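J.: Sharing a structure with you now.
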Amino acid sequence: MSEHSSYHEAPDTLATPPPGCPMHANWSPLDDDYLVDPYPIANALRDEHPVFYAPDLGHVVVTRMEDIDEVFMNPDVYASTNVQDPIYPLADEAAAVLATPDFNPVAVMSNKPEPDHGRIRVYTRQGFSNRRLKSLEGYMRDRATVLLDQMVANGSPAEFVKALAFPLPAEIVFRFLGFPPEDDVMVKSWCANRRAFSWGMPTAEEQVEIAEGMVSYWRYCRDFVAQRRDERTDDFTSELLDAHDADPDPTNGTGLSYQEVESIVYGFSFAGHDPVTALLCNTLLCLLPRRDQWDALCADPSLAAAAVEETLRYESSQISWRRVTTQDTTLGGIDLPAGTRLYLNFASANHQPDLFENPETFDIHRHRPNRHISFGKGIHFCVGNGLARMEARIALELLSQRLPSLRLVEDQQLTYFPNITFRGPDALHLEWEGDPA
């Protein structure tokens, strides 16, 4: 295997099935029925073949929690180097756009193997300290309140993604990094279709448009880091640059290079908001049709954290992740040669009946719902999990207290952006009664 040092590397071809591996020739996570509701299909796949090959995906699919745990807990055997890569080969026109010499982000966190992942994680984990999260909580609550005020002022019904779920997480992660508010709209426009690039099947024309946005985004991140190099403030980017100044040589096993600082900013500014938008929507999709649970939350907002946790299990905003084998190995009784690409199916594992009682029931009073796998596990456990949980909890607290009559607009047709990993509705229409105070 290559060192895979760049941030995105497209495959030349789809992989062939490992000898002797069961196959589901007619299934893909991009199928329309799977995008609409993956859970019944994922459960059936898990029960039939816990490990199988999906030819339309070019990956071996892993469906059981115990096998996914084994993958996460053995990073030397199952590398994370492919998690940001396109699933399918790139069109020549898109590859040419990304070949521009100044587009050179390097793998840093989710897609960086040991020992460098551990070296870099020391610095990123410090950025998500309790002090940093606490400093953001007030801004988070204030900004969510402003957006909610605007939604209420515009009247019922409202489209929740546009009103709150999309702007709030993006603005929070941009403030975390230090991006100025006046750049929000521009930066968000470059992020819009990254899901399609790394986790979907865009057309050649769409690939070119996405690639152009990615190059513009990278240039913005580089310019911003250069500005912060000369003008430090109290933000995550400045902390990373301070760490780089103190120890700039990564070859010594502890340092942080300047290009790694640029690449961390590039990666976090997408990963820190798009999945959270989906999580905010999914909590309401789970709670609002179940009026007893919504009413319980309205009566006791301290239940918001449990509601978020059960949503992460029951209707996660991230229903898969990927790995690739670094050596010949055996998983779930299936022999896998080195270089086998794996699709880890969180949807099936989070609904596994021997782990979760009545897994198809959404229950905010569930005992230990946080045994879900939605943030990963082991050395690559999502470093931003605390920020995501806090955002969703605060949004739920505010919504339940301000709009107890909130409900889904009836008969709306939910649509989902076609990709293999991130799941949340493109739009969510809500309505309420009266004139909230």
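J.: Being farther than 27 Å from G200 by Cβ and out of contact with any Phe, Trp or Tyr (no Cβ under 9 Å at 6 or more places or on another chain) is the filter; apply it to the stretch 403-420 and report the residue that is surrounded by the most Cβ atoms within 10 Å (Cβ to Cβ). Before the answer, list the steps.
T.: Pass one, the stretch 403-420, residues farther than 27 Å from G200 by Cβ: 403-407, 409-411.
Then keep just the ones that are out of contact with any Phe, Trp or Tyr (no Cβ under 9 Å at 6 or more places or on another chain); that gives 409-411.
Working: V409: 13, E410: 7, D411: 6.
Residue satisfying both the conditions and the ranking: V409.
J.: Run down Y123, Y53 and say which single residue is surrounded by 20 or more Cβ atoms within 10 Å (Cβ to Cβ), more than 23 Å from the chain's Cα centre (by Cα), of a type outside the set (K, R) and more than 28 Å from N193 (Cβ to Cβ). Working first, answer last.
T.: On the way: Y123 fails: more than 23 Å from the chain's Cα centre (by Cα).
Answer to the selection: Y53.
J.: Given the structure, is A427 at pLDDT 95 or above and either surrounded by 18 or more Cβ atoms within 10 Å (Cβ to Cβ) or more than 25 Å from V36 (Cα to Cα) (or both)?
T.: Criteria not met by A427.
J.: Residues in the stretch 64-76: is at least one assigned to a loop (DSSP other than H, G, I, E, B), closer than 18 Å to S198 by Cβ and touching a Lys or Arg at 6+ places or on another chain (Cβ under 7 Å)? I'd like the intermediate steps shown before the answer.
T.: In the first step, residues of the stretch 64-76 are kept if they are assigned to a loop (DSSP other than H, G, I, E, B); the result is 64, 73-76.
So of that shortlist, the ones also closer than 18 Å to S198 by Cβ come out as none.
Looking for residues that are assigned to a loop (DSSP other than H, G, I, E, B), closer than 18 Å to S198 by Cβ and touching a Lys or Arg at 6+ places or on another chain (Cβ under 7 Å), one finds none in the stretch 64-76, hence no.
J.: Residues that are over 30 Å from D435 (Cα atoms), touching a residue at least 60 places away in the same chain (Cβ under 8 Å) and not acidic (D, E), at least 3 per element: which strands (runs of 3 or more DSSP E) completely within the stretch 304-403 meet that?
T.: Working: elements: 320-325, 329-331, 334-336, 341-345.
So the answer is 320-325, 341-345.
J.: Now for a separate question. From V215, V261, which residue is in a helix (DSSP H, G or I), in contact with a His (Cβ under 6 Å, 6 or more places away or on another chain) and more than 30 Å from Q412 (Cα to Cα)? Even if it seems obvious, please write down each step before you answer.
T.: Values: V215 fails: in contact with a His (Cβ under 6 Å, 6 or more places away or on another chain).
After ruling out the rest, the residue left standing is V261.
J.: Specify the residue that is nearest to A388 (Cα to Cα); the eligible residues are those in the stretch 126-148 that are of a type in the set (D, E, K, R) and surrounded by 13 or more Cβ atoms within 10 Å (Cβ to Cβ).
T.: Ranking the qualifying residues of the stretch 126-148, first place goes to E137.
J.: Checking the condition polar (S, T, N, Q) and in contact with a helix residue (DSSP H, G or I) (Cβ under 7 Å, 6 or more places away or on another chain), which residue from S80, S129 passes?
T.: S80
J.: Shifting gears a bit: Are any of the residues in the stretch 19-29 touching a Pro at 6+ places or on another chain (Cβ under 8 Å), touching a residue at least 60 places away in the same chain (Cβ under 8 Å), closer than 30 Å to D102 by Cβ and crowded, with 17+ Cβ neighbours inside 10 Å?
T.: Taking every residue of the stretch 19-29 in turn, none turns out to be touching a Pro at 6+ places or on another chain (Cβ under 8 Å), touching a residue at least 60 places away in the same chain (Cβ under 8 Å), closer than 30 Å to D102 by Cβ and crowded, with 17+ Cβ neighbours inside 10 Å.
J.: Further question: Quick check, is D223 part of a helix (DSSP H, G or I) and over 21 Å from the mean Cα position of the chain (by Cα)?
T.: yes
The values are calculated or read from the model by the stated rules, or taken from the named source; none is laboratory data. None of these values were measured; they are calculated from a predicted model. So basically every Cβ, Gly included, is an ideal-geometry build from the backbone, and we count neighbours across all protein chains shown.
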